[in-house]
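K.L.:
Got a structure for you, written out below as structure tokens; questions coming shortly.
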Ligand SMILES: Nc1ncnc2c1ncn2[C@@H]1O[C@H](COP(=O)(O)OP(=O)(O)OP(=O)(O)O)[C@@H](O)[C@H]1O
Ligand code: SF4
Ligand SMILES: [Mg+2]
């Protein structure tokens, strides 16, 4: 993977100003949805973005695409800061930067046929001559696994999974480089989720797409991502290669999230323990001082209440925002998490026949194989696609 990022996000903030009063408008509060977020996304990679509801995932995705104009910060793409471009200057970049929405029911216009919905971006951006549009739309429908003879149907005549395929075809119409997939599977049932995940993986391979994959389902994130960023209250608290995030989560918040992921091993699943975070998520209008997680963190000390930790390199492409790193106690925290959750190794697994210690952990954690197979194993061949056709 090239180390030159496709997208570089630097110190991005998005503060929503909320007003009240009908005659005299007064500023009621400012929601700091995204508050100083920095990360790179490399070509052809999938960066998973996870975190509790309201932590700012969608806002981050939308700010990258300039669907929200950020309050401050930079989004570098092809050497240009997208935040500084006018709408007209953004236009050519909009072809490259697309989004797949969470809700396939509301993201499609019910009054338009599927053909018109997929053709709309082609017409707006004058991608191909009018006579070729129908052919192109049928080709896109084929690519995403839809029957091209359905071209004159309306959105309500399709199932949820088919509607999401329509959304994907529309996003693909302009031959994008980067797609924000904002919870693309959360409104679908489990069997359809697997199909859509496999479709996204196939399309990424064929067309060298780069994804920002936003999801609540950590199993899905684990399956599709190369790296994962964990967000809490408008900030990235940890970012690392996918195996490191699931096997060695360093931030106490990531540890709580990972402890809730089901393990595909009945013996481990039966004895594991989840970490339940206490207290409510603080308001993004009035985030806690110091480390924003200190109100819910079992490791918080005096310093955490006043000093905000920086996202710091922990080695091996693993970055974490926690004072425990420079205080030399981050690995003690990791060991404690393993003991508490009784998950010695989610990814590498353990020998099932091994004796289990009193604390629930196997006496040694022997590896039984790499991360293979999953919920998302394909039961049908991928549609045959020729990437040269996308030009
Ligand atoms: N257009 C807006 N105007 C005002 N506040 C907004 C707007 N969009 C989002 N917010 C607020 O910003 C915060 C972050 O919202 P966002 O939708 O980015 O969260 P999220 O992490 O995507 O949540 P979810 O997982 O539920 O989709 C929330 O507090 C939300 O209420
Ligand atoms: S900085 Fe302190 S409060 Fe924040 S995650 Fe680390 S230990 Fe917990
Ligand atoms: Mg969202």
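The values are calculated or read from the model by the stated rules, or taken from the named source; none is laboratory data. The structure presented is a predicted model; accordingly, all values stated were derived computationally and were not measured. Glycine also receives a Cβ, built like all others from the backbone with ideal geometry; neighbour counts cover every protein chain displayed.
K.L.:
Sort through 142, 175 and tell me the only one that's surrounded by fewer than 18 Cβ atoms within 10 Å (Cβ to Cβ), over 16 Å from the mean Cα position of the chain (by Cα), part of a loop (DSSP other than H, G, I, E, B) and touching a residue at least 12 places away in the same chain (Cβ under 8 Å). Lay out the reasoning, then the answer.
P.N.:
On the way: 142 fails: part of a loop (DSSP other than H, G, I, E, B).
Only one candidate passes the filter, namely 175.
K.L.:
Now for a different question. I need a count of the residues in the range 106-115 that are in a loop (DSSP other than H, G, I, E, B) and more than 26 Å from residue 69 (Cα to Cα).
P.N.:
From the range 106-115, those in a loop (DSSP other than H, G, I, E, B) are 106-112; that's our starting set.
Applying the additional criterion that residues be more than 26 Å from residue 69 (Cα to Cα) yields 110-112.
Adding up the residues that qualify gives 3.
K.L.:
Being within 11 Å of ligand 1 (Cβ to nearest atom), in a loop (DSSP other than H, G, I, E, B) and in contact with a helix residue (DSSP H, G or I) (Cβ under 6 Å, 6 or more places away or on another chain), is that true of even one residue in the range 9-22? Let's see the steps before the verdict.
P.N.:
Within the range 9-22, the subset within 11 Å of ligand 1 (Cβ to nearest atom) is 14-19.
Filter once more, so that each one left must be in a loop (DSSP other than H, G, I, E, B): none.
The answer is no, given that none of the residues of the range 9-22 is within 11 Å of ligand 1 (Cβ to nearest atom), in a loop (DSSP other than H, G, I, E, B) and in contact with a helix residue (DSSP H, G or I) (Cβ under 6 Å, 6 or more places away or on another chain).
K.L.:
Do you know which residues across the range 31-88 are free of Cβ contacts under 8 Å to residues at least 60 places away in the same chain and buried (at least 16 other Cβ atoms within 10 Å of the Cβ)? Reasoning before the result, please.
P.N.:
From the range 31-88, those free of Cβ contacts under 8 Å to residues at least 60 places away in the same chain are 40, 59, 63, 66-71, 78-88; that's our starting set.
Those that are free of Cβ contacts under 8 Å to residues at least 60 places away in the same chain and buried (at least 16 other Cβ atoms within 10 Å of the Cβ): 40, 59, 63, 66, 68, 70, 71, 82, 83, 85.
K.L.:
For the structure I just gave you, tell me whether residue 313 is over 19 Å from residue 219 (Cβ atoms), away from ligand 2 (no atom under 15 Å from the Cβ) and modelled with pLDDT of 95 or more.
P.N.:
On the way: over 19 Å from residue 219 (Cβ atoms): yes; away from ligand 2 (no atom under 15 Å from the Cβ): yes; modelled with pLDDT of 95 or more: yes.
Spelling it out, residue 313 is indeed over 19 Å from residue 219 (Cβ atoms), away from ligand 2 (no atom under 15 Å from the Cβ) and modelled with pLDDT of 95 or more.
K.L.:
Scan the range 277-316 for residues that are in contact with a strand residue (DSSP E or B) (Cβ under 7 Å, 6 or more places away or on another chain) and free of Cβ contacts under 8 Å to residues at least 24 places away in the same chain and jot them down. Even if it seems obvious, please write down each step before you answer.
P.N.:
We begin by selecting, within the range 277-316, every residue in contact with a strand residue (DSSP E or B) (Cβ under 7 Å, 6 or more places away or on another chain); these are 284-285, 287, 292-293, 311-314.
Answer for the range 277-316, where residues must be in contact with a strand residue (DSSP E or B) (Cβ under 7 Å, 6 or more places away or on another chain) and free of Cβ contacts under 8 Å to residues at least 24 places away in the same chain: 312, 313.
K.L.:
A further question on this structure: Looking at residue 263, is it within 15 Å of ligand 1 (Cβ to nearest atom) and in contact with a helix residue (DSSP H, G or I) (Cβ under 8 Å, 6 or more places away or on another chain)? Before the answer, list the steps.
P.N.:
Details: within 15 Å of ligand 1 (Cβ to nearest atom): no; in contact with a helix residue (DSSP H, G or I) (Cβ under 8 Å, 6 or more places away or on another chain): yes.
Against the criterion (within 15 Å of ligand 1 (Cβ to nearest atom) and in contact with a helix residue (DSSP H, G or I) (Cβ under 8 Å, 6 or more places away or on another chain)), residue 263 does not qualify.
K.L.:
Related question: Among the candidates 63, 83, which residue alone is modelled with pLDDT of 95 or more, touching a helix residue (DSSP H, G or I) at 6+ places or on another chain (Cβ under 9 Å), within 16 Å of ligand 1 (Cβ to nearest atom) and under 15 Å from residue 12 (Cα atoms)? Show your work before the answer.
P.N.:
Working: 83 fails: within 16 Å of ligand 1 (Cβ to nearest atom).
Being modelled with pLDDT of 95 or more, touching a helix residue (DSSP H, G or I) at 6+ places or on another chain (Cβ under 9 Å), within 16 Å of ligand 1 (Cβ to nearest atom) and under 15 Å from residue 12 (Cα atoms) holds for just one of 63, 83, which is 63.
K.L.:
State all residues of the range 281-308 that are within 16 Å of ligand 1 (Cβ to nearest atom), under 14 Å from residue 52 (Cβ atoms) and in contact with a helix residue (DSSP H, G or I) (Cβ under 9 Å, 6 or more places away or on another chain); if no residue qualifies, say none.
P.N.:
Here is the first cut: in the range 281-308, the ones within 16 Å of ligand 1 (Cβ to nearest atom) are 281-288, 292-293.
After this cut, where a residue has to be under 14 Å from residue 52 (Cβ atoms) as well, the list is 281-284, 287, 292-293.
Result: 281, 282, 293.
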